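Heads up: the structure comes next, in structure tokens.
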Amino acid sequence: MHHAACSHCLAVEAFRTLGALGILGVVMALVPAGPGLAGAAEEPGRAGERKAMVERISEEAKGLDFILDNGGLDQAVAEAMRRVPRHEFVPEEERERAYENAPLPIGFGQTISQPVVVAIMTDLLDIEPGSKVLEVGTGSGYQAAVLAALGARVHSIEIIPELAEFGRENLERAGFGQVAVHQGDGYYGLEQEAPFEAIIVTAAASHIPPPLVEQLAPGGHMAIPVGGQWFTQQLNLVEKGPDGAVTTRQLLPVAFVPLR
Ligand code: SAH
């Protein structure tokens, strides 16, 4: 399972991670696709760009062995991210940049998360085929698609009606129409579908919403950024033991748009 680190090491590692994740504003160069890497069924080069993106984030994740199992990014998560066409989840004018390891605007002041953050949060959830998962903050639908590509049964809830529609359309077009997108306030979770083996919150909350802890199944994991302003948020991992006991750990600094 995830091994704990001493608080000093954690602080040092977390600081290193902050830099490694590019939150300090480092813009990563786009690695051009090699010849012959493109998938036959889509725009030339995009599959190659995607492969290069996953290689880059796998490299970054190696430095995160203090929070990830087996010293790096889970192979199934990497494979899922090689399969999901991120360019189908960003607005037309951002498609060119879809495979940069960067968050991108999706309208309404919201963003599609940085790929390495998607990778880390997904890995922390320990998804298995058939797992029932709740995502709070559908946005573009990209994170939901990555979960679905891992074989999860995904419910995603979005508070902005236009984005719920945007996410739904993107998921449909990319071949993930099985994801159930709901419109509403995810603070309260989705009582009628609970319990969930995993919950992922993709907007920063001031505290961990009690209804979400309630709706987490025994043995389940929840990844959630907690904090107020940019740079003061911490990615939290909440684990509910088989006996229902809840433990929470702060893992690393992250920057998310606020939960409303
Ligand atoms: N997971 C998304 C990232 C979305 S950004 C992706 O892969 O693209 C965060 C999203 O959370 C925004 O779309 C925002 O509108 C939504 N959000 C904010 N507060 C919310 C709430 N209380 N309930 C549901 N969604 C919320």
Among (1) within 16 Å of the ligand (Cβ to nearest atom); (2) among the aromatic types (Phe, Trp, Tyr); (3) within 25 Å of Ile199 (Cβ to Cβ), which single condition is Tyr99 missing?
(3)
Just a yes or no: is a residue in the range 240-247 open to solvent by 50 Å² or more (accessible area, probe 1.4 Å), touching a Pro at 6+ places or on another chain (Cβ under 6 Å) and over 21 Å from Ala61 (Cα atoms)?
yes
Please determine whether any residue of the range 157-164 is more than 10 Å from the ligand (Cβ to nearest atom) and not in a helix (DSSP H, G or I).
no
For the range 107-138 the number of residues that are within 8 Å of the ligand (Cβ to nearest atom) and open to solvent by less than 10 Å² (accessible area, probe 1.4 Å) is 5
Going through the range 211-227 in order, the residues found to be surrounded by fewer than 17 Cβ atoms within 10 Å (Cβ to Cβ) and out of contact with any helix residue (DSSP H, G or I) (no Cβ under 8 Å at 6 or more places or on another chain) are Glu214, Pro218, Gly219
Residue pairs meeting the criteria (Cβ under 7 Å; at least 6 apart or on separate chains; first more than 15 Å from Gly244 (Cα to Cα), in the range 186-201; second of a type in the set (Lys, Arg) and surrounded by 24 or more Cβ atoms within 10 Å (Cβ to Cβ))
none
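The values are calculated or read from the model by the stated rules, or taken from the named source; none is laboratory data. Quick caveat: nothing in here was measured; it's all calculated off a predicted structure. Methodologically, a virtual Cβ is constructed for each residue, glycine included, from the backbone with ideal geometry; neighbour enumeration extends over all protein chains shown. Heavy atoms of the whole protein, side chains included, go into the accessibility calculation; ligands, DNA and RNA do not. Shrake-Rupley method; radii C 1.70, N 1.55, O 1.52, S 1.80 Å.
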